[in-house]
1. Name the residue, out of 12, 85, 48, 2, that is exposed (fewer than 14 other Cβ atoms within 10 Å of the Cβ) and outside the structural domain of residue 347 (by TED's automatic domain parsing).
2. Output the strands (runs of 3 or more DSSP E) that fall wholly within the range 94-198 and possess 1 or more residues being under 30 Å from residue 251 (Cα atoms) and within 15 Å of ligand 2 (Cβ to nearest atom), or say none.
3. Can you tell me which residue within the range 74-93, out of those that are within 15 Å of ligand 1 (Cβ to nearest atom) and not in a helix (DSSP H, G or I), is farthest from residue 143 (Cα to Cα)?
4. What do you reckon, is residue 61 in a strand (DSSP E or B) and either away from ligand 1 (no atom under 14 Å from the Cβ) or at pLDDT 95 or above (or both)?
5. Residue by residue through the range 35-58, note down the ones that are in contact with a helix residue (DSSP H, G or I) (Cβ under 8 Å, 6 or more places away or on another chain) and either within 16 Å of ligand 2 (Cβ to nearest atom) or touching a residue at least 60 places away in the same chain (Cβ under 8 Å) (or both).
6. Residue 18 - would you say it is in a loop (DSSP other than H, G, I, E, B), under 30 Å from residue 217 (Cα atoms) and away from ligand 2 (no atom under 16 Å from the Cβ)?
7. If I filter the range 98-118 for residues that are without any contact (Cβ under 8 Å) to a residue 12 or more places away in the chain and touching a strand residue (DSSP E or B) at 6+ places or on another chain (Cβ under 6 Å), do I get at least one hit?
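The values are calculated or read from the model by the stated rules, or taken from the named source; none is laboratory data. Model, not experiment: these values are computed from the prediction. In this analysis, Cβ positions are derived from the backbone assuming ideal geometry, glycine residues included, and neighbour counts consider all displayed protein chains.
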Ligand code: ATP
Ligand code: MG
């Protein structure tokens, strides 16, 4: 992509309305613009990141055996009346009526709809287990939308729902998702701490929140440092069920539930940090299936309510969370897996024919090799180009100017470390995978 024809409205100044780094940087780097409170337009650069995160989430859901569907954003109130949540959900639910006066709503989540889908199509244990997920916009009329897209009103979520014949099988589905989550966040370059969440009144319920560590996190966590060690060492191969349960047994608590007097972790092994919740998994058994009569026949022919779990990832919140975890004073530092482009090619002297010819050629060769390049071919000063490139945070900057070219050299800068190298054109291409 040539920057001269790109829609990338960057800002020099810090926008007054942004309190946290990710919100500031998303506005300044031209990733989003606010449409109304808690509702955002995704601009080209931001959308590329969102789509890449979405794709990693999707691949790990598929790998775990889940199947993708797409449920609508608008739902009918009836199903929610059946589950009993229509009134209970309160003011966070955006309620709408259609032209016939029917009560509708913009979905804040999809348990009811997917339970209805299940009961009308599946009725035997032979068709189990099943995991169905979608990646869809949600609306929650949050009382205090803030931190940009991190707590928006409209946001993109991956939500998956598991269906099993009994609680034991349900637990297996839960563990599959637990591992899928660890893999997803590891691929995004994040350490996510699985924190035991509220298990509600019914015994046997199981729930974890996945919190990534960042100073601006909304919750304070206490956790066993063995969790970090585990994630760094054992996520590449298959993970044995015993290992999963061992990891789930490691201590991690939110501040409100952390009791220093009764903490099982030795003080030298206990870590404390702020966390941002990026995912939440829940095994809730028959809560919805009993209320909505979603039953299956077991091997003995007896009908029982199906055992269910639900598993959410805040796909759009992850964009902000990644920036909170990866930025410096100059701007964003994207991990390569989700960067909008891998390389920023900077032409220092557009008016110099030799320099522009060399840049055009590099752009062509990189693009041909499948390397994603944002080519700064604008006729502006070098200072502005460097500042913009640091701000938008692409992993690599390839800097080309007349002086280096005299010696057949270009410069390659790594955004994360700031390290710069003078290289021949061939060596630079090699390093960038072309
Ligand atoms: P929170 O405690 O942050 O409000 P939640 O418990 O309401 O989250 P879930 O219903 O479990 O969230 O939704 C799954 C995921 O969706 C969350 O882990 C989070 O990453 C994301 N999410 C929830 N609410 C928002 C929001 N208002 N804006 C952006 N992402 C959100
Ligand atoms: Mg919430």
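1. Working: 85 fails: exposed (fewer than 14 other Cβ atoms within 10 Å of the Cβ); 48 fails: exposed (fewer than 14 other Cβ atoms within 10 Å of the Cβ); 2 fails: exposed (fewer than 14 other Cβ atoms within 10 Å of the Cβ).
That would be 12, the only listed residue that is exposed (fewer than 14 other Cβ atoms within 10 Å of the Cβ) and outside the structural domain of residue 347 (by TED's automatic domain parsing).
2. On the way: elements: 94-97, 103-106, 130-139, 154-164, 192-196.
By residue number, 154-164.
3. Here the answer is 89.
4. no
5. First, the residues of the range 35-58 that are in contact with a helix residue (DSSP H, G or I) (Cβ under 8 Å, 6 or more places away or on another chain): 40, 42, 45-46, 49-50, 53-54, 56-57.
Residues satisfying the conditions are 40, 45, 46, 49, 50, 53, 54, 56, 57.
6. Working: in a loop (DSSP other than H, G, I, E, B): yes; under 30 Å from residue 217 (Cα atoms): yes; away from ligand 2 (no atom under 16 Å from the Cβ): yes.
Yes, satisfied.
7. If we filter the range 98-118 for residues that are without any contact (Cβ under 8 Å) to a residue 12 or more places away in the chain, which is where we start, we get 98-101.
With touching a strand residue (DSSP E or B) at 6+ places or on another chain (Cβ under 6 Å) added as a condition, the list becomes 98.
Yes, the conditions are met somewhere in the range 98-118.
Every residue, every condition in (1) under 24 Å from the mean Cα position of the chain (by Cα); (2) within 30 Å of residue 128 (Cβ to Cβ), yes or no:
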residue: 229; (1), (2): yes, no
residue: 242; (1), (2): no, yes
residue: 254; (1), (2): yes, no
residue: 257; (1), (2): no, no
residue: 286; (1), (2): no, yes
residue: 301; (1), (2): no, yes
residue: 307; (1), (2): no, yes
residue: 310; (1), (2): yes, yes
residue: 313; (1), (2): yes, yes
